[in-house]
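Student: My structure is below; once you've seen it, I'll send some questions.
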Amino acid sequence: MTINNLLARLEKVKQTGKETYIACCPSHDDRTPSLSIRDLPDGRILVHCFSGCDVYGILSSIGLEITDLFPHSVGNYKKIKNRFPAADVLAAIGFECLVIMSSAGKLLGGELFTANDRARLVLSVSRIQAALDAGGYQDARH
């Protein structure tokens, strides 16, 4: 996949620098661009939603998979280990833990969960796992 193929699937695309772009995130109701896209010299494409959407959700909403962001090599995809700094991983996990703590406080206070509350709690757990995966951390049970 080329950067142009990806950009063609997005709305309100604007180039912000050399090989960097912003666009509306296709994963949520985005009226102003919150999706950052970067084309790296080695062929990788990075995407980041500043509203918090995960890369899997972003890509699936435009019919792509994570492997589409990486260059091909002899019929297979290159295996690229790009770990995020531990501080970034911990910050992301810390925020989601606050969401979970807020949910626990609501339950302990006798309040009922709405469907939106449950969905946000599931999203928090998913984001914590994604942060651990992005940081290259293995499940301690294995």
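Student: What spacing in nm lies between the two simple spin-label points modelled at Ser102 and Lys14, each 7 Å away from Cα in the Cβ direction?
Tutor: Inter-label distance under the simple model: 2.9 nm.
Student: If each residue of separation counts as 0.36 nm, what is the full-extension length gain between His28 and Met1 once their alpha-carbon separation is subtracted? Provide the component values of the computation, followed by the final result.
Tutor: Details: separation 27, 0.36 × 27 = 9.72 nm, distance 2.30 nm.
7.4 nm is the gain from fully extending His28 to Met1.
Student: Of the candidates Thr114, Thr32, Thr20, which one comes out as most mobile in a Gaussian network treatment of the chain with C-alpha springs shorter than 10 Å?
Tutor: Top of the fluctuation ranking is Thr114.
Student: Now a separate question. Dipole of the chain (Lys/Arg Cβ +1, Asp/Glu Cβ -1, origin at the Cα centre): which of Leu107, His48, Thr2 lies farthest to the positive side?
Tutor: My answer, from the dipole projection, is Thr2.
Student: While we're looking at this one, here's another question. Based on DSSP H runs of at least 4 residues, each adding -39500 (n - 2.57), what is the mean residue ellipticity at 222 nm of the chain after dividing by all its residues, to the nearest 500 deg cm²/dmol? Please report the intermediate quantities before stating the final value.
Tutor: Numbers: 4 runs with 54 residues, N = 142.
Value at 222 nm, helices only, nearest 500: -12000 deg cm²/dmol.
Student: Ignoring everything but the protein chains, give the 1.4 Å probe accessible area of Ile22 in square angstrom, nearest 10.
Tutor: 60
Student: Report the net charge of residues surrounding Ser102, where surrounding means a beta-carbon distance below 12 angstrom and charges are Lys +1, Arg +1, Asp -1, Glu -1. Could you put the intermediate results ahead of the total?
Tutor: Details: positive: Lys106, Arg120; negative: Glu96, Glu111, Asp117.
Net local charge, Ser102 excluded: -1.
Student: Picking from Gly57, Gly109, Gly94, which is most flexible by a Gaussian network model of the chain using Cα springs under 10 Å?
Tutor: Gly109
Student: Give me the dipole magnitude in Debye, nearest 20, for the chain about the Cα centre, with unit charges on the beta carbon: positive for Lys and Arg, negative for Asp and Glu.
Tutor: Details: 16 positive and 15 negative charges, 43 e Å.
Magnitude of the dipole: close to 200 debye.
Student: Taking the Cα-to-Cβ direction at Ala115 and at Asp88 and moving 7 Å from each Cα, how far apart do the two end points lie in nm?
Tutor: Rounded to a tenth, the inter-label distance reads 3.5 nm.
The values are calculated or read from the model by the stated rules, or taken from the named source; none is laboratory data. Keep in mind the model is a prediction, meaning the values are calculated, not measured. Note: ideal-geometry Cβ built from the backbone for every residue, glycine included; neighbour counts use all protein chains shown. Areas reflect the complete protein model, heavy atoms only, side chains present, ligands, DNA and RNA absent. Shrake-Rupley method; radii C 1.70, N 1.55, O 1.52, S 1.80 Å.
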